[in-house]
1. Scan the range 5-26 for residues that are farther than 15 Å from ALA43 by Cα and either of a type in the set (Phe, Trp, Tyr) or outside any helix (DSSP H, G or I) (or both) and jot them down.
2. Taking the residues in the range 13-49 that are open to solvent by less than 60 Å² (accessible area, probe 1.4 Å) and not hydrophobic (A, V, I, L, M, F, W, C) as candidates, determine which candidate is modelled with the highest pLDDT.
Amino acid sequence: MDWCKALMWIAAICVFVAMVGERFLPQLVVVALAVVGTAIIVAIVAFLMDEE
C-alpha cells in the first residue's frame with residue numbers, strides 16, 4: 001500500500017502545480033499536469049474499489 005500513498009502524493013502535486021502554475025506555465029503543460037494527476041487518482045480509486 002506504500003505505492004498507493006506515493007502515487008497519491010504525485011497526483012496531488014501534479015494537480016496543485018497545475019492550479020498554481022496556471023498563470024505562468026504554458027497552457028499545454030497545465031492541461032497535461034491536470035490530466036495526469038486526475039488519471040492517477042481515478043486509477044487508484046478504481047483499483048481500491050476493485051479490491052473489495
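1. If the condition is that a residue be farther than 15 Å from ALA43 by Cα and either of a type in the set (Phe, Trp, Tyr) or outside any helix (DSSP H, G or I) (or both), then PHE16, GLY21, GLU22, ARG23, PHE24, LEU25, PRO26 are the ones that fit.
2. In this case the residue turns out to be GLY37.
The values are calculated or read from the model by the stated rules, or taken from the named source; none is laboratory data. Computed from a predicted model, the values in this text were never measured in an experiment. Side chains included, ligands, DNA and RNA excluded: accessible areas come from the protein's heavy atoms. Shrake-Rupley method; radii C 1.70, N 1.55, O 1.52, S 1.80 Å.
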